[in-house]
Amino acid sequence: MNGVMVNEERGVAVRTSQTEMMISRQAQEVQAAMVIAKRFPRDEVDSFNRILTSCQRKSLAETATYEYPRGGTKVTGPSIRLAEAIAQNWGNIDFGITELEQSNGESQVMAYAWDLETNARQTKIFTVPHIRGTKKGNVPLTDPRDIYEMVANQGARRLRACILGIIPGDVVEAAVKKCEETLINGEEKPLIDLVREMSNIFQKEFGVPLEAIEKFIGCKSEAFSMKDLVRLRRIYSSLHDGMAKREDYFELSIAEPAGGVEGDVKNPFEGKEEKPKPAGKGVKRDEAESK
C-alpha cells in the first residue's frame, strides 16, 4: 500500500485507545467501500471530463486558487474547494476530517484521502490547540462553535494536501487552467464594475482600502486587467480561508479606512491656540504681567 502518515508535532503517530477505535471503525467502512470500488472502477476519461465541466462553473472558478507571499516569492496553488471538487468527480475516493480526541484544551485531528481503487493513501494526524491568536495575545476558546470552526479551518489545509497527494498532477493542472479560462472568458459585466465590486469586498470584509489595492497591483483601478482581477480573487481566497493575513499583501499605512480597526482618534483641539483665561475678580495678577 502506498500510504503516508504524518504527525506534524512529534513525527510519530501517538494513539490512545479511543483513537485506535475510531481508526479501526473507519478502516472497516473503507474496506467495504474498496470492494464496491473494485466492482465499479472509474472511467478516467469520463472523470476527467466531469472535472473540466465543473471548472466551467463561475462560482467554483472564483475560489479555485490561492496566492500568498513567502520569502520574496509568490506561492499559488489549488484551493481546498477545487481539491474537493476534483476528488468528487474523480470518483472512488474517500476523504475527510475526523476529530479523534478532545482533551486538555486541544483536539487531535486526522485528515485523510484514500483512493479506493489504487489503494494510495495520504493521512495527516495533527493537534489543534483551542487558542485563537489576537493582537492582545492568545485567547482560549470555550464555545463549542468556535472550537469546531478552528478545527475545521486547520483541517481543511491538511485535507487539501492529502487530496492533491493522490490525484494525478496533470489532472490538477488542467483543472486550474480551466478555472482561469472560465474567469477570463466567462464574465458578462464590464471589467471596471467587477473591479469595483472586488474592491468593495476587500474594504468591507478585510478593511483594505482601494488605495492599498492599487499600490499592490501597481496602477490605478481603471487600468486593472482581467489577470489583475483573477489575482485579487486568489488573494481573497487566501484571506477567506485563513492562509494569509492582509498585511502580507497590502501596505495599510497608505490609507487606513474610516473607522478602521486600528485608526487613531484625532484630538479635536489639535492645532488650535489656547486663549488666555481672563483674571477673575479678587485675583491678584502677577507683577510681571502688570508691567
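Within the range 155-253, list the GluC sites (Glu not before Pro) lying in a DSSP loop whose Cβ has at most 14 other Cβ atoms in a 10 Å radius.
Within the range 155-253, the qualifying GluC sites (Glu not before Pro) (loop, at most 14 other Cβ atoms within 10 Å) are Glu187, Glu188, Glu251.
Over 23 Å between Cα atoms: which of Lys38/Lys178; Lys38/Lys58; Lys178/Lys245; Lys177/Lys220; Lys204/Lys245 fall into that group?
The answer is Lys38/Lys178; Lys38/Lys58; Lys178/Lys245; Lys177/Lys220.
What residues have an amide H closer than 5 Å to that of Asn92, excluding those fewer than 5 places away on the same chain, when H is modeled at 1.01 Å from N in the peptide plane?
Correct list: empty.
Once both labels are modelled 7 Å past Cα along the beta-carbon direction, what's the Glu117-Ser24 spacing in nm?
Taking the two extended label points, one gets 3.3 nm.
For Tyr66, what residues show an amide H to amide H distance below 5 Å, using hydrogens built from the backbone and excluding near sequence neighbours?
Close amide H contacts, sequence-distant or interchain: Gly77, Ser79.
Hey, what does the equivalent ellipsoid look like for the range 121-262, semi-axes from the Cα gyration tensor as sqrt of 5 times each eigenvalue, largest first, whole Å?
Value: 30, 26, 11 Å, ordered largest first.
How large is ³J(HN,Hα) for each residue in the range 218-231, as worked out from phi by the Karplus curve 6.51 cos²θ - 1.76 cosθ + 1.60 (θ = phi - 60°), to whole Hz, x for Gly and Pro?
For the range 218-231, the Karplus-derived couplings read x, 7, 5, 4, 5, 9, 4, 9, 5, 5, 5, 5, 4, 5 Hz, x marking Gly and Pro.
Using only the Cα atoms of the range 187-248, build the gyration tensor, take square roots of its eigenvalues as a ≥ b ≥ c, and label the shape rounded, prolate or oblate: rounded if a/c is under 1.5, else prolate if a/b is larger than b/c, else oblate.
Here the range 187-248 falls in the prolate category.
Under the classification rounded if a/c is under 1.5, otherwise prolate if a/b is larger than b/c and oblate if not, where does the range 16-88 fall, given a ≥ b ≥ c as square roots of the Cα gyration tensor eigenvalues?
oblate
Once you sort the root eigenvalues of the Cα gyration tensor of the range 3-179 as a ≥ b ≥ c, which label holds: rounded (a/c under 1.5), prolate (a/b larger than b/c) or oblate (the other case)?
Oblate shape, in that a/c is at least 1.5 and b/c is the bigger or equal ratio.
Once R0 is set to 22 Å, what does the formula 1/(1 + (r/R0)^6) return for the Cβ-Cβ distance between Asn200 and His240, expressed as a FRET efficiency to the nearest 0.05?
0.90
Hey, can you grab everything whose amide H is under 5 Å from the amide H of Glu106? Only 5+ residues off in sequence or another chain; H modelled, so Pro and N-termini drop out.
Hits under the 5 Å cutoff: His130.
Which log10 I(q)/I(0) values does the range 57-130 give at q = 0.25, 0.26, 0.27 Å⁻¹ under the Debye formula, counting every alpha carbon as one identical point scatterer?
-1.04, -1.05, -1.08
No lab work stands behind these numbers, since they all come straight from the coordinates. Every value quoted in this text rests on a predicted model; they were computed, and no experiment measured them. Counting neighbours? That spans all protein chains shown, and the Cβs are built from the backbone with ideal geometry, glycine included.
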